[in-house]
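To start, the structure under review is shown below, and the notes come after it.
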Amino acid sequence: MTVPHAAPAHHGPSAFRSVPKTGVIFVTTEASKLGFASDPSAWCNLGQGQPETGPLPESPPRVDAVTVNPDDHEYAPVGGLWELRDAIADQYNRLYRRGLPSKYSAENVAVAGGGRTSLTRAAASLGAINLGHFLPDYTAYEELLDVFRLFSPIPILLEGARGYSFSIGDLRREILGRGLSALLLSNPCNPTGKHVRGEELNAWVRTASELDCTLLLDEFYSHYVWGLGGDAPMESAARYVEDVDHDPVVIFDGLTKNWRYPAWRVTWTLGPKSVIESVVSAGSFLDGGGSRPMQRAAIPLMNPDVARAETKAISRVFGHKRELMIDGLRRLGVTIDVEPEGTFYVWGSVADLPDGLNDGLSFFRAALDRKVITVPGEFFDVNPGKRRAGRPSRFRHHLRFSFGPSEETLTTALERLGAMVDSWRGAPR
């Protein structure tokens, strides 16, 4: 059985190492060996990390054509088109900072060609510090935290029995006890869906400022929040920042999830001007900047009215799919530690299923035979440098199930998984 995180045997030039795949790439590669690549329509991809991208009821019209200005055949500035940076800053000010004296400007924004690119620029800009990160969290953080050796990644364990909660007291203890200068987290969390919001998020920002610990907040799912109230619920730490150039809060977001344009590869970093200067400098040698035509096309999407309308449609459609997925998984016998408060994922344990299905890898392999893709939980046990190699993962019984696909796909997937579980329950032991 292929084990997540284990790099494949390397038989090429000795100068190169084998680089392990992220969770989504691993599972789709394994599925492709069974025909997924040649006929994806026959499969139900509950492993996907993207939302359905077509029109939703009452969503803004989808962009179906991009006109390229002749001047936009040139390179874009490494920090992004000034007009887009200004539009992004204005959107945050209008959505989250009405009545506050400190406002974001274009100088507080850097645009990049993808979420990982934005995160990589930030990681390359960090000094010789202790950087805290949570377990479980986004799979791509693992290599990101390992490639740059100047800072030391410090894991912080979250417990399913506590609903993956992390109190202000916990935050203060970790920052002071471990000497953390920065903390990286996805909020809402990918994969658990745990969401720090409202007064709790305000307290996180205040504590980070008091203790001079930078919050590196991946807010790519900040428009997929559940139970927050309002017809277009969205949340951002930008709401609670007092001084945009002083408070140590750095936010990552983009068109990928919240606007449902993953292929555009238009993302941004929002933070103090000094931080933006550093990440732009890092971008000058890491990636050279994003796509100028796509940045130009993104400017109209930064209208807050567009964001609200899109979020309202997301809330209605994905909220229904969330309930469908939660109910369906529970009928299968999957244990859900905490219902997702954000994202379009459900994090569940299969420990109570029959032998052969009761760990994430076995369930994943069996589901592939039914043309259903999931992501084993071990991928989210972020382990930079493989410092915990040889030890069983705490999340070996968990999987992440995406309700990003269409409702029709989810219904088919749950039917197939139900038949799979029933067949195992009826099989002779």
Going through segment 116-137 one residue at a time, which ones are under 16 Å from THR269 (Cβ atoms) and either in contact with a Gly (Cβ under 6 Å, 6 or more places away or on another chain) or among the polar types (S, T, N, Q) (or both)? THR117, SER118, THR120, ARG121, SER125
Test: residue in segment 341-350 that is surrounded by fewer than 24 Cβ atoms within 10 Å (Cβ to Cβ), in contact with a Lys or Arg (Cβ under 7 Å, 6 or more places away or on another chain) and at pLDDT 95 or above: yes
Name the single residue, out of those in segment 127-175 being aromatic (Phe, Trp, Tyr) and out of contact with any Lys or Arg (no Cβ under 6 Å at 6 or more places or on another chain), that is farthest from GLY115 (Cα to Cα). PHE166
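Return the residue satisfying two criteria in turn: it lies in segment 240-290 and is of a type in the set (Phe, Trp, Tyr) and either closer than 22 Å to LEU215 by Cβ or more than 22 Å from the chain's Cα centre (by Cα) (or both), and of such residues it is surrounded by the fewest Cβ atoms within 10 Å (Cβ to Cβ).
PHE285
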Which count do you get for residues in segment 68-80 that are modelled with pLDDT of 95 or more and part of a loop (DSSP other than H, G, I, E, B)? 8
Residue check: is ARG62 in a helix (DSSP H, G or I) and out of contact with any Asp or Glu (no Cβ under 7 Å at 6 or more places or on another chain)? no
Cβ contacts < 6 Å: first residue part of a helix (DSSP H, G or I) and buried (at least 16 other Cβ atoms within 10 Å of the Cβ), restricted to segment 295-323; second residue at pLDDT below 95 and not acidic (Asp, Glu), any location; separation 6+ or different chain. Result? ARG308/ALA232; THR311/ALA232; LYS312/ALA232
Would you mind finding the one in LEU131, LEU150, LEU119, LEU180 that is of a type in the set (A, V, I, L, M), in contact with a Pro (Cβ under 7 Å, 6 or more places away or on another chain) and within 29 Å of ASP287 (Cβ to Cβ)? LEU131
In segment 81-102, which residues are closer than 15 Å to ILE251 by Cβ and outside any helix (DSSP H, G or I)? ARG97, SER102
Set VAL375, VAL382: member being of a type outside the set (D, E, K, R), in contact with a helix residue (DSSP H, G or I) (Cβ under 6 Å, 6 or more places away or on another chain) and closer than 29 Å to ASP39 by Cα: VAL375
Read through the list (1) in contact with a Pro (Cβ under 9 Å, 6 or more places away or on another chain); (2) surrounded by fewer than 19 Cβ atoms within 10 Å (Cβ to Cβ); (3) touching a residue at least 40 places away in the same chain (Cβ under 8 Å), then give the number of the only condition that GLY49 fails. (2)
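Among the residues of segment 324-333 satisfying the criterion of being crowded, with 16+ Cβ neighbours inside 10 Å and touching a residue at least 60 places away in the same chain (Cβ under 8 Å), which is nearest to GLY254 (Cα to Cα)? Quick ask: steps written out before the conclusion?
First, the residues of segment 324-333 that are crowded, with 16+ Cβ neighbours inside 10 Å: 325-326, 328-329, 332-333.
Applying the additional criterion that residues be touching a residue at least 60 places away in the same chain (Cβ under 8 Å) yields 325, 328-329, 332-333.
On the way: MET325: 26, GLY328: 31, LEU329: 30, LEU332: 35, GLY333: 36 Å.
Once the filter is applied, the top-ranked residue is MET325.
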Can you tell me which residue within segment 192-216, out of those that are in contact with an Asp or Glu (Cβ under 8 Å, 6 or more places away or on another chain) and not aliphatic (A, V, I, L, M), is surrounded by the fewest Cβ atoms within 10 Å (Cβ to Cβ)? GLY198
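Condition test on PHE220, is it in contact with a Lys or Arg (Cβ under 6 Å, 6 or more places away or on another chain) and among the hydrophobic types (A, V, I, L, M, F, W, C)?
yes
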Residues in segment 197-208 that are out of contact with any Ser or Thr (no Cβ under 9 Å at 6 or more places or on another chain) and within 30 Å of GLN48 (Cα to Cα): how many? 2
May I ask you to list pairs of residues, at least six apart or on different chains, whose Cβ atoms are under 8 Å apart, with the first in segment 99-125 being at positive phi and the second being assigned to a loop (DSSP other than H, G, I, E, B) and crowded, with 24+ Cβ neighbours inside 10 Å? GLY114/GLY290
Counting only residues that are among the small types (Gly, Ala, Ser) and at pLDDT 95 or above, which one in segment 373-422 is surrounded by the fewest Cβ atoms within 10 Å (Cβ to Cβ)? ALA419
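The values are calculated or read from the model by the stated rules, or taken from the named source; none is laboratory data. Quick caveat: nothing in here was measured; it's all calculated off a predicted structure. For neighbour counting, all protein chains shown are included, and Cβ atoms are generated from backbone atoms with ideal geometry for every residue, glycine included.
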